[in-house]
Structure formats: structure tokens, C-alpha cells
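Step one of this worksheet: look at the structure below.
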Amino acid sequence: MGTPTRPPLNDLAKRIQRSRAERESRPRDGFLRETFVLPRNDARLKAQEWFSRWPKQAYWTEIESWFERPGDVIEFTIRRLPTSD
């Protein structure tokens, strides 16, 4: 009787890599984030909408990062806690 062959582990390795990549790409701080790419005036209105819907004092809402793109377009990421205390 010969030595048993190893089972194929390619699929398992791929699943593990995908899972690790997904975990690393998500921050673990409990905040919900959303990124928008909008013209300047629409970006301002969207930020005001978030701050009125989820007040900073209760949800720790804040603009996490923003970039000015060509054509007066703003890309920004806003974050907030999922619930208030």
C-alpha cells in the first residue's frame, strides 16, 4: 500500500486569502463609512444631510477624508456610529 495522496487544497487556500483580504480592508473600529463623489454643491448638501440626520454629538459623525478632483468634484468619506447611546 502506497502513501496516500494529499487532498487538493487550492480551493481552501483561495477562500482563506479572500477572507483575509476582506477582513483587512474593513476597519474594525465600529464606524459605518460611506464614500461619495459629487460636484461641490451636491457634496456640501450631502454632508449637511448626514449631519442633520445623524448629529455629531450623538453619532460622532465626521468627514473622515476629502479630495478635490478635477472639474470641481469632491470625493469624500463620511463616518458615523451605527447607533447613539
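Which one of Ile78, Ile74 is closer than 19 Å to Asp29 by Cα and assigned to a strand (DSSP E or B)?
After applying the criteria, what remains is Ile78.
Take the residues of the range 16-37 that are in a loop (DSSP other than H, G, I, E, B) and at pLDDT 75 or above: which is surrounded by the most Cβ atoms within 10 Å (Cβ to Cβ)? Even if it seems obvious, please write down each step before you answer.
Of all residues in the range 16-37, those in a loop (DSSP other than H, G, I, E, B) come to 26-31.
Narrowing further to those that are at pLDDT 75 or above: 29-31.
Working: Asp29: 8, Gly30: 10, Phe31: 16.
Looking at residues that are in a loop (DSSP other than H, G, I, E, B) and at pLDDT 75 or above, I get Phe31.
Which residues, counting only those in the range 54-72, are polar (S, T, N, Q) and under 16 Å from the mean Cα position of the chain (by Cα)?
Thr61, Ser65, listed by residue number.
Under 7 Å between Cβ atoms, at least 6 apart or on separate chains: pull out the pairs that start in the range 32-60 with a residue that is without any contact (Cβ under 8 Å) to a residue 40 or more places away in the chain and end on any residue that is in a helix (DSSP H, G or I).
From residues that are without any contact (Cβ under 8 Å) to a residue 40 or more places away in the chain, the pairs are Leu38/Lys46.
The values are calculated or read from the model by the stated rules, or taken from the named source; none is laboratory data. Since we're looking at a predicted model, the values are computed, not measured. All Cβ positions, glycine included, derive from the backbone under ideal geometry; neighbour counts span all protein chains shown.
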